[in-house]
Amino acid sequence: MTSVAPVILLAAEKESAEVTDWAARVGWVVGLGLFVALVYWLMREGWKWRGTLQGDLPELPSAPEGDFPARLAMSGRYHGSTTAGQWLDRIVAHGLGTRSRVELTLTDAGLDVVRPGANDFFVPVGALREARLDKGIAGKVLTEGGLLVVTWAHGDKLIDSGFRSDHAAEHNEWVETLNDMINKTETEGAR
C-alpha cells in the first residue's frame, strides 16, 4: 500500500499547464528582428566603406566606337573582381563587386563586358595580362576549372575578373584565344 499512496498524491496535486507569456515572446521576436537588421546595416556600411577605400581606382573604360568583328562571344555570369592573386580581396568600386548576368565579346580591340543591370566595362587588348581556369573568386567556389578568370591592368592595379559561361566547355577556347592575343600583343610591343 505504501507504493500506491505517492501515486495518488501526485494525481491529486496535478496543476494546469503554464499559459504562454505573449508579451515576452513578442519582445524576443522584435529583439531578434532588430538584431538581424543591425547586422545587415553593418554589412552594407562595410561594403560602402570598401568602395570608399578603393576610390583611387580610375573610371572603367567603355567600348571604343567602331565595328570590330567578334572573335568569341559568351553568355553567362559575372562573379566579381578581386585584386590579382588575392582571390578573397573583392573590388567593389565602380560596380565591379556586383554579380550579374554577362555577355562577353572578344574582339581585336579587347574584351567587352556587357552586364544588364550593372555597369558595363571594356578591357583594351593592351591591358589584358592572362586568362586561366580557376576554382574560385571572392564569394564563389566551383569545381576545379569551373571559372574563367581574366587578369587585366586598370590604372596601376592588376585585377582578376571571374566569369562562368552557360556552357562551361567554352572556357578552354576562351583561355587559349585570350592568351594567344596577349602573347601576340606582347611580342608586337617588344619590337
Study note, to complete from the structure: Taking the stretch 94-112 and keeping residues in a strand (DSSP E or B) and either in contact with a Leu (Cβ under 8 Å, 6 or more places away or on another chain) or buried (at least 21 other Cβ atoms within 10 Å of the Cβ) (or both) leaves Val102, Leu104, Thr105, Leu106, Gly110, Leu111, Asp112
Review point. Does at least one position in the stretch 169-189 carry a residue that is assigned to a loop (DSSP other than H, G, I, E, B) and open to solvent by 70 Å² or more (accessible area, probe 1.4 Å)?
Key: no
Check your understanding: What are the residues in the stretch 118-142 that are over 21 Å from Gln54 (Cβ atoms) and under 16 Å from the mean Cα position of the chain (by Cα), if any?
Key -> Asp134, Lys135, Val141, Leu142
Check your understanding: Hey, among Glu59, Glu65, which residue is among the acidic types (Asp, Glu) and surrounded by 10 or more Cβ atoms within 10 Å (Cβ to Cβ)?
Key -> Glu59
Check your understanding: Going by the structure shown, is Leu158 open to solvent by 40 Å² or more (accessible area, probe 1.4 Å), of a type outside the set (D, E, K, R) and either within 18 Å of Pro58 (Cβ to Cβ) or at pLDDT 90 or above (or both)?
Key -> yes
Practice item. Would you check if Ala63 is out of contact with any helix residue (DSSP H, G or I) (no Cβ under 8 Å at 6 or more places or on another chain), among the hydrophobic types (A, V, I, L, M, F, W, C), touching a residue at least 40 places away in the same chain (Cβ under 8 Å) and more than 23 Å from Lys140 (Cα to Cα)? Key: yes
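The values are calculated or read from the model by the stated rules, or taken from the named source; none is laboratory data. Because the structure is predicted, anything quoted here is derived from the model rather than measured. Reconstructed Cβ throughout: ideal geometry from the backbone, glycine too, with neighbour counts over all protein chains shown. Only protein heavy atoms, including side chains, enter the accessible area calculation; ligands, DNA and RNA are left aside. Shrake-Rupley method; radii C 1.70, N 1.55, O 1.52, S 1.80 Å.
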